[in-house]
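Here the structure is laid out as structure tokens; the discussion comes afterwards.
Nothing in this text is a laboratory measurement; each read-out follows from the coordinates by a stated rule. Not measured: the values here are computed from a predicted model. Positions of Cβ are backbone-derived with ideal geometry, glycine not excepted, and every protein chain shown enters the neighbour counts.
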């Protein structure tokens, strides 16, 4: 089945690259519904032109998730192709610096993270369709709010529902140019700590006040002390606000905290520690409210991860490609949703390149087709 896969990808390279640049030239900001809708329509039309039907999940409650299925009625356990369509860039960026292919180099907003990866996931599905692959159902899941960590949305739960019963996952986040494949990633959470105190005139009757800012200072010191970089744990109080005037004992204060962790257990422990310190303020008369605004699970290395990597490496040999190595990395991804539900998953299968989230973002064109062939061949040879 390897030959029809590679033949398809080679024959459709020009079409797939044209679609990639079109996708890059369509802004996709998770907080802008019009740009998200336009992007989804672009992808839907492309898939429809290749005989695949799509469904928009959670479109009435939060940012839509686009789903397409191959062999949906096959009796065996499903496989998941995962990615996201949104980028970090504001609407208008694509017009300012549109997608350009210059030889081997692809540039433009999302040219690394991860418009090409979304196309690669689509190309993998289409190559398997062309090769008449029928062994497993294969489900494509493309989300549109990954870059804001699915804030205030049930996207994680929807991904978990759509992936129920899957035996393997392949996430097309971008890759470094070192031919690595990600077998483990850090998870992350955004936490809001809000302190309420009692306002008072700082000169006339300060004894009646209870400083929210002072309590927040205690909370920040305790929170940052939870950091253990050697163990892969980080708590960063990156946003701070509070008070209204220098001569008023402040009755409110807030910090926004980024929490990073290597394993799900670490994440649970860090959030529990923040909740515990919030429940026991140092400054009498103040209260502290903790809210987890959003959380993406770490991508844990599962017992089946090594076997899945070995199958990918065997496919690389079959295709006469350099054999990729497994690696751990930072930066959360939706692969963590799959591993949290015990689905062995490989990540960083997208375009090789660098500069994600910057104006210097780029991808290496040939890696798109090499890696799409690699994943499709791996799927074709799974038991």
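With r as the distance between the Cβ atoms of residue 307 and residue 201 and R0 = 51 Å, compute the FRET efficiency 1/(1 + (r/R0)^6) and round to 0.05. For R0 = 51 Å, the calculated efficiency reads 0.15. DSSP finds beta bridges in the chain, and of those with both partners inside it, around 70 percent are antiparallel.
Computed over all pairs of different Cα atoms, the Kirkwood value for the hydrodynamic radius of region 137-246 is 18.9 Å. Within the listed set 86, 251, 69, the Gaussian network model of the chain (springs between alpha-carbon atoms below 10 Å) gives the highest mean-square fluctuation for 251. Restricting the calculation to Cα atoms, every distinct pair contributes to the Kirkwood radius of region 281-383, found to be 16.5 Å. If R0 is taken as 22 Å, the Cβ-Cβ distance between residue 292 and residue 224 corresponds to a FRET efficiency of 0.80. Could you tell me which label, among (i) -1.01; (ii) -0.89; (iii) -1.18, carries the value of log10 I(q)/I(0) by the Debye sum over Cα atoms at q = 0.12 Å⁻¹ calculated for this structure? It is the value labelled (ii). Between rounded, prolate and oblate, where does region 227-275 land on the alpha carbon gyration tensor, with a ≥ b ≥ c its root eigenvalues, rounded for a/c under 1.5, else prolate if a/b exceeds b/c? The shape class here is prolate.
Placing a pseudo-label 7 Å from each Cα along the Cα-to-Cβ vector at residue 97 and residue 164 gives an inter-label distance of 4.4 nm. Gyration tensor over the Cα atoms of region 1-63: the corresponding equivalent ellipsoid has semi-axes (square roots of 5 times the eigenvalues, largest first) of 27, 15, 9 Å.
When each of the peptides 223-235, 323-335 is scored by the mean number of other C-beta atoms lying within 10 Å of its residues, the order from highest to lowest reads 323-335, 223-235. Between residue 7 and residue 45, the simple label model (points 7 Å from Cα in the Cβ direction) yields a spacing of 3.1 nm. Please label the shape of region 88-168 as rounded, prolate or oblate, based on the square roots a ≥ b ≥ c of the eigenvalues of the alpha-carbon gyration tensor (a/c under 1.5 means rounded; beyond that, a/b larger than b/c means prolate, else oblate). Here region 88-168 falls in the oblate category.
Under the criterion of Cα pairs below 8 Å and six or more residues apart, the relative contact order for the chain equals 23 percent.
For region 187-296, the Kirkwood radius over C-alpha pairs fed into Stokes-Einstein at 4 °C and 1.567 mPa s yields D = 91 µm² per second. Rounded, prolate or oblate, given the Cα gyration tensor of region 331-372, with a/c below 1.5 counting as rounded? Verdict is oblate for region 331-372. Over the residues of the chain, the helix contribution to mean residue ellipticity at 222 nm works out to -10500 deg cm²/dmol, using -39500 (n - 2.57) for each DSSP H run of at least 4. Here the contact order of region 19-104, divided by its residue count and restricted to Cα pairs under 8 Å and six or more residues apart, works out to 40 percent.
Legend: calculated FRET efficiency, residue 323 to residue 245, from the Cβ-Cβ distance at R0 = 51 Å, rounded to 0.05, equals 0.20.
Largest GNM mean-square fluctuation across 296, 198, 141, computed for the chain with C-alpha springs under 10 Å, falls on 198.
For the chain, take the longest principal axis of its alpha carbons; what is the angle in degrees between that and the long axis of helix 13-24, to the nearest 10 within 0 to 90? Roughly 20 degrees between the two axes.
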